[in-house]
Amino acid sequence: MEAYLREIESLFTPSKEKLKELTGIFQKELEIGLVRRDGMLKALPTFVYNLPSGMESGKFLTVDLGGTNLRIGLVELFGSGRFTIKKDSVVIPETLKSGSGYGIFNFIAENIEKFLEHPEIETELPLKLGFTFSFPVQQESLAHGRILGWSKEIECNDVIGMDAVALLQVALHSRGLEIAVEALINDTVGTLLAQVYRDKKTKMSVILGTGSNAAYVEQCSHLTKEENESNKVVTVINIEWGSFGDGANFLPTTRFDALLDEESKNPGIQRFEKMISGMYLGEIFRLILLEAVENGLIRSTGWTISKPYGIKTKQMSNFHESYILGAVEECKSIANDKFGLFILDDDLKYVSRLCELISLRSCYLCAVGITAVHRHLLETSLISAKEMFSVALDGALYQRYPNYSKILQDLVCMMDGKEEEVCRIILVMAEDLSSIGAAAAIAAQK
Ligand code: ADP
Ligand code: MG
């Protein structure tokens, strides 16, 4: 087991040179994405031209449609970066995830109606609504965006090519609700705007949840592939960084990544995301354990280990955390109940080290993206070398994987490469804030 682990260790630990190379390529690809539509990084325009000053105020409805949950909120902004939110969340029924897309938009409108009837929600219509929609859209303005396709197991093909805002607007009107959908944003953009509302130094956001993506503040003059309103100075770019490396071979992928990609619903696509995010880390872990079982290094007690996606990142995270806390019995019971493995006491340290290696590589690659964006902004003078660079982070992987946030902070400082005492890149937890950003997006346009 020890020798096997040494091999995995070498596969999963990118060298300093590799990280430097990747950071350089990321920066170059980002700069290509800003001027061309066919780049590896889509660098999507968001049509957000006015960043929140923190002084915005007002009451707004917010809707966040993810892959699993529909979240509805009533947000009140008070200025000085202060806000309150009353929110509710419902699981999107499986039956709506395939079939007609109109069903999903009706479901949203129906739940907004229910939300507004709740005794705790004291408000009157008309209201403005900010829509967080974390699926690929080709935005045409802040309040218009054509659905390019679905992801995260949703497949409602009849509405592809249609405007997500118009679809929701029609569903709301058919229920007689006087609600105007005034902003359509991605969750990375929502997280960024929310944190800018609280702290103007914020320049970037990263999501580390089911998927992974990032957004940042860019100078309009650098974005030449779209028509810009000529009097605007800065905007927000949705990098869509999950596709970094697609169609090329510079990512430090292993045989396990190749296997995962082959068995996935979208082979060859989102290769960077597949090495980083919560949807996939548990599966990489499973594929390595399966190989160890096949080589006779670990004993399997059940079928979980041979079932694709049989191990969730959350379970891998719980196992790793239990090991760190010295809870040996807990580790063994997770291995037995969740992984279908019998692990000898002496081998626990190796399996825990596997978790560490997989999560560390995710941190390294995420740090590459953050460092590359920072460097791009430094070199194009959007920020100065002395300025602090605040990055807002959200998602269960970042929030809850043991030591993830601390390690990522250390790595970005290390890769920033300055021999100074003060690290200029500061990572800030922005837990569940994307609806605040959707409200701030509307309020800031005035
Ligand atoms: P979403 O991306 O849908 O907005 P989340 O931010 O909640 O949702 O992220 C969900 C992902 O995070 C899932 O892939 C899940 O396996 C993973 N996850 C959930 N809990 C944990 C945990 N304690 N540690 C690490 N990953 C977790
Ligand atoms: Mg989310």
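Remarks
- Being closer than 26 Å to ALA430 by Cα, within 14 Å of ligand 1 (Cβ to nearest atom) and surrounded by fewer than 24 Cβ atoms within 10 Å (Cβ to Cβ) is not true of THR188.
- If you go through region 232-260 and pick out every residue that is of a type in the set (D, E, K, R) and over 21 Å from the mean Cα position of the chain (by Cα), you end up with 2.
Results for (1) away from ligand 2 (no atom under 16 Å from the Cβ); (2) open to solvent by less than 20 Å² (accessible area, probe 1.4 Å); (3) under 19 Å from ARG361 (Cα atoms), shown as yes or no for each residue.
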position: LEU259; (1), (2), (3): yes, no, yes
position: GLU262; (1), (2), (3): yes, no, no
position: ARG271; (1), (2), (3): yes, no, yes
position: ILE276; (1), (2), (3): no, yes, yes
position: TRP303; (1), (2), (3): yes, no, no
position: GLY310; (1), (2), (3): yes, yes, no
position: MET316; (1), (2), (3): yes, yes, yes
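- The set of residues from region 335-349 being in a helix (DSSP H, G or I) and open to solvent by 40 Å² or more (accessible area, probe 1.4 Å) comprises ASN336, ASP337, LYS338, ASP345, ASP346, LYS349.
- Filter pass, GLY242 being without any contact (Cβ under 8 Å) to a residue 40 or more places away in the chain, within 16 Å of ligand 1 (Cβ to nearest atom) and assigned to a helix (DSSP H, G or I): yes
- Evaluation of ASN318 against (1) of a type in the set (S, T, N, Q); (2) part of a loop (DSSP other than H, G, I, E, B); (3) within 16 Å of ligand 1 (Cβ to nearest atom) (one fails), failing number: (2)
- Verdict on SER98 being surrounded by fewer than 22 Cβ atoms within 10 Å (Cβ to Cβ), more than 16 Å from ligand 2 (Cβ to nearest atom) and touching a residue at least 40 places away in the same chain (Cβ under 8 Å): yes
- Consider region 90-131 and keep the residues that are within 27 Å of GLY161 (Cα to Cα) and polar (S, T, N, Q). The one that is modelled with the lowest pLDDT is SER98.
- Scan region 166-205 for residues that are more than 22 Å from the chain's Cα centre (by Cα) and in a helix (DSSP H, G or I) and the total you get is 9.
- Extreme residue, nearest to LEU360 (Cα to Cα), among residues of region 278-301 that are among the acidic types (Asp, Glu) and surrounded by fewer than 20 Cβ atoms within 10 Å (Cβ to Cβ): GLU291
- Cβ-Cβ under 8 Å pairs, at least 6 apart or on other chains, region 414-440 side at pLDDT 80 or above and assigned to a loop (DSSP other than H, G, I, E, B), far side β-branched (Val, Ile, Thr) and buried (at least 19 other Cβ atoms within 10 Å of the Cβ): CYS423/VAL412; ALA430/THR191; LEU433/THR191
- Every pair of residues 6+ apart whose Cβ atoms lie under 9 Å, when the first sits in region 135-164 and is closer than 18 Å to LYS225 by Cα and open to solvent by 70 Å² or more (accessible area, probe 1.4 Å) while the second is in a helix (DSSP H, G or I) and within 16 Å of ligand 2 (Cβ to nearest atom): none
- Subset of region 375-405 that is of a type in the set (D, E, K, R) and under 23 Å from TYR364 (Cα atoms) - its residue that is most open to solvent (accessible area, probe 1.4 Å): ARG400
- Single residue of region 196-217 satisfying the filter (more than 16 Å from ligand 1 (Cβ to nearest atom) and open to solvent by 10 Å² or more (accessible area, probe 1.4 Å)) that is farthest from GLU110 (Cα to Cα): LYS201
- Number of residues in region 347-379 that are touching a residue at least 40 places away in the same chain (Cβ under 8 Å) and farther than 20 Å from CYS413 by Cα: the value is 7.
- Boolean, ILE269 is more than 16 Å from ligand 1 (Cβ to nearest atom), outside any loop (DSSP other than H, G, I, E, B), out of contact with any Lys or Arg (no Cβ under 7 Å at 6 or more places or on another chain) and over 17 Å from LEU397 (Cβ atoms): no
- One residue alone among PRO14, PRO45 is surrounded by 16 or more Cβ atoms within 10 Å (Cβ to Cβ), within 30 Å of ASP246 (Cα to Cα) and at pLDDT 95 or above, and that residue is PRO14.
- Test: residue in region 218-230 that is closer than 30 Å to ARG424 by Cα, open to solvent by less than 10 Å² (accessible area, probe 1.4 Å) and within 16 Å of ligand 1 (Cβ to nearest atom): no
The values are calculated or read from the model by the stated rules, or taken from the named source; none is laboratory data. Since the structure is predicted, the reported quantities are computational estimates derived from the model, not experimental observations. Note that we place each Cβ from the backbone using ideal geometry, even for glycine, and neighbour counts take in every protein chain shown. In case anyone asks, the SASA skips ligands and DNA or RNA and just uses the protein heavy atoms, side chains included. Shrake-Rupley method; radii C 1.70, N 1.55, O 1.52, S 1.80 Å.
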